[in-house]
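All remarks here apply to the structure that follows.
The values are calculated or read from the model by the stated rules, or taken from the named source; none is laboratory data. Just so we're clear, the structure is a prediction, and the values are computed from it rather than from any experiment. Virtual Cβ from ideal backbone geometry, glycine too; neighbours counted across all protein chains shown. Remember, those area values only see protein heavy atoms, side chains included, never the ligands or the DNA or RNA. Shrake-Rupley method; radii C 1.70, N 1.55, O 1.52, S 1.80 Å.
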Amino acid sequence: MGAPSIAPGSGAASPAGAAPLAVYTDIVDTDPGPGIALLEAAGFRVEVAGSDDPDVIAGLAAEAEALLIGYSPITAALLDRLPRLRIVATQSVGVDMVDLEACKARGITVANLPASATEEVASHALALSLALVRGLHTFDRSSRSGEWNAGIADLSRPSTLTVGVLGLGRIGRAFASFAGSVYGEVLGYDPIDFEVPGVRRLSLDEVLAQSDIVSLHLPLTAETHHLLDASRLAQMRPGARIVNVSRGALIDPAALVAALDRGAISGAGLDVFETEPPEAGDPLWQHERVLATPHAAYLSPQSLLDYVVHQAENVVQFAQTGRPVTPFG
């Protein structure tokens with residue numbers, strides 16, 4: 001196959017007949033091999049930076065027309081060093097690492113992966129919620145320390161509980177479907193008004209006030225940063241639980257630690273933290289009421305392959321048609 005004709009953007013395109021360059025930045029948990037094969041079959045030259053350092057990326061990708069990223073920050077300053085860039089393809093649902101306004105101003109398309117690990121992330125959230133409800137983290141710690149039967153103070157019957165789902169995109173809807181088969185009622189909040197079968201839609205404040213478990217499935221934006229702060233945590237039912245598999249910065253960590261310390265929140269199942277990995281001594285990471293996993297909700301052999309393949313497919317289709325398979329926004 002000949003070199004693809006990348007869709008026009010704000011910078012100069014590759015010279016006629018020259019193969020366009022696609023560059024992988026940081027590699028997170030995945031083998032980029034299948035994606036590289038797809039790109040090369042479509043006529044791209046491919047390089048792998050293996051780094052999120054902007055100097056490393058700019059040095060290798062100065063002529064790149066496509067960036068395939070993990071969690072590399074794509075800032076306006078970096079974009080200024082990549083004059084040929086046409087598309088940034090993420091390997092996640094979230095795009096908070098990308099300066100979207102800077103991309104828009106430069107005519108650069110952003111593509112994300114909204115569905116590659118829906119089942120994995122939704123089931124991980126359900127598992128965290130059930131572990132909290134049944135006290136699995138407490139039992140594990142106490143039994144290993146010699147307390148064989150530590151009591152049932154924090155245990156609940158799932159069918160008596162109400163679950164609140166904040167964010168009803170693909171993952172939130174999948175979690176709501178799973179939760180509906182286990183819990184007594186499912187409430188939902190989303191800034192966009194649409195109906196979800198089995199979910200009673202309420203305002204954010206109403207969901208917080210009426211839920212025994214709150215599971216977060218929102219993107220991280222300026223509006224959702226520290227969405228659960230001290231005031232909103234105080235709105236929740238005494239002894240409620242929180243699950244977060246989206247972005248750590250949706251929750252104010254200091255406020256959550258304080259709520260856990262006084263028992264206002266009885267437990268939190270967290271797959272994401274504001275700083276990853278958490279710093280040594282992080283009080284939230286180490287808290288006895290926190291069940292923590294290392295940003296692993298999306299992991300399975302199937303999802304890891306899907307991430308790589310679908311990311312590359314976004315770049316290939318953009319080169320061929322001017323529109324990626326799953327454009328963001």
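So, A264, is that one crowded, with 20+ Cβ neighbours inside 10 Å, under 19 Å from L233 (Cβ atoms) and without any contact (Cβ under 8 Å) to a residue 40 or more places away in the chain or not? Against the criterion (crowded, with 20+ Cβ neighbours inside 10 Å, under 19 Å from L233 (Cβ atoms) and without any contact (Cβ under 8 Å) to a residue 40 or more places away in the chain), A264 does not qualify. For G188, the conditions (1) farther than 27 Å from A117 by Cα; (2) open to solvent by less than 20 Å² (accessible area, probe 1.4 Å); (3) not hydrophobic (A, V, I, L, M, F, W, C) all hold with the exception of (1). Of the helices (runs of 4 or more DSSP H) lying entirely inside region 86-199, those carrying at least 3 residues that are under 30 Å from F44 (Cα atoms) are 100-105. Taken together, V93, V23 contain a single residue that is among the β-branched types (V, I, T) and under 24 Å from G169 (Cα atoms), which is V93.
Restricting attention to region 194-212, does a residue exist that is closer than 23 Å to D96 by Cα, of a type in the set (D, E) and in contact (Cβ under 8 Å) with a residue 24 or more places away in the chain?
Looking only at region 194-212, we keep the residues that are closer than 23 Å to D96 by Cα, and these are 204.
Going one step further and asking which of them are of a type in the set (D, E), we end up with none.
The answer is no, given that none of the residues of region 194-212 is closer than 23 Å to D96 by Cα, of a type in the set (D, E) and in contact (Cβ under 8 Å) with a residue 24 or more places away in the chain.
Screening V46, V56 for residues that are of a type in the set (V, I, T) and touching a helix residue (DSSP H, G or I) at 6+ places or on another chain (Cβ under 8 Å) leaves exactly one candidate, V46. When the helices (runs of 4 or more DSSP H) confined to region 1-84 are screened for residues that are among the acidic types (D, E) and at pLDDT 95 or above, those reaching at least 1 such residues are found at 33-41, 54-61. Among the residues of region 85-105, those that are modelled with pLDDT of 95 or more and surrounded by fewer than 20 Cβ atoms within 10 Å (Cβ to Cβ) comprise M97, L100, E101, A102, K104, A105.
Take A131 and decide whether it is within 23 Å of R200 (Cβ to Cβ), surrounded by 16 or more Cβ atoms within 10 Å (Cβ to Cβ) and in contact with a strand residue (DSSP E or B) (Cβ under 7 Å, 6 or more places away or on another chain). Give the steps one after another, and end with the answer.
On the way: within 23 Å of R200 (Cβ to Cβ): no; surrounded by 16 or more Cβ atoms within 10 Å (Cβ to Cβ): yes; in contact with a strand residue (DSSP E or B) (Cβ under 7 Å, 6 or more places away or on another chain): yes.
Taking the combined requirement at face value, the residue does not satisfy it.
Considering region 232-246, the residues that are buried (at least 21 other Cβ atoms within 10 Å of the Cβ) and not hydroxyl-bearing (S, T, Y) include one that is farthest from P158 (Cα to Cα), namely L233. Looking across region 52-103, the residues that are among the hydroxyl-bearing types (S, T, Y) and under 19 Å from A312 (Cβ atoms) come down to Y71, S72, T90, S92. Checking each residue of region 152-171 against the condition of being farther than 25 Å from P327 by Cβ, touching an Asp or Glu at 6+ places or on another chain (Cβ under 7 Å), at pLDDT below 95 and β-branched (V, I, T) gives no match. Checking each residue in region 51-84 for being under 24 Å from D31 (Cα atoms), among the acidic types (D, E) and open to solvent by 10 Å² or more (accessible area, probe 1.4 Å) picks out D52, D53, D55, E63.
Identify the residue in region 40-50 that is under 25 Å from the mean Cα position of the chain (by Cα) and hydrophobic (A, V, I, L, M, F, W, C) and, among all such residues, is least open to solvent (accessible area, probe 1.4 Å).
Filtering region 40-50 for residues under 25 Å from the mean Cα position of the chain (by Cα) gives 48-50.
Adding the requirement that they be hydrophobic (A, V, I, L, M, F, W, C) leaves 48-49.
On the way: V48: 68, A49: 25 Å².
Filtering region 40-50 for residues that are under 25 Å from the mean Cα position of the chain (by Cα) and hydrophobic (A, V, I, L, M, F, W, C), the one least open to solvent (accessible area, probe 1.4 Å) comes out as A49.
Just to be sure I understand, how many residues within region 163-185 are surrounded by fewer than 19 Cβ atoms within 10 Å (Cβ to Cβ) and among the hydroxyl-bearing types (S, T, Y)? Count: 2.
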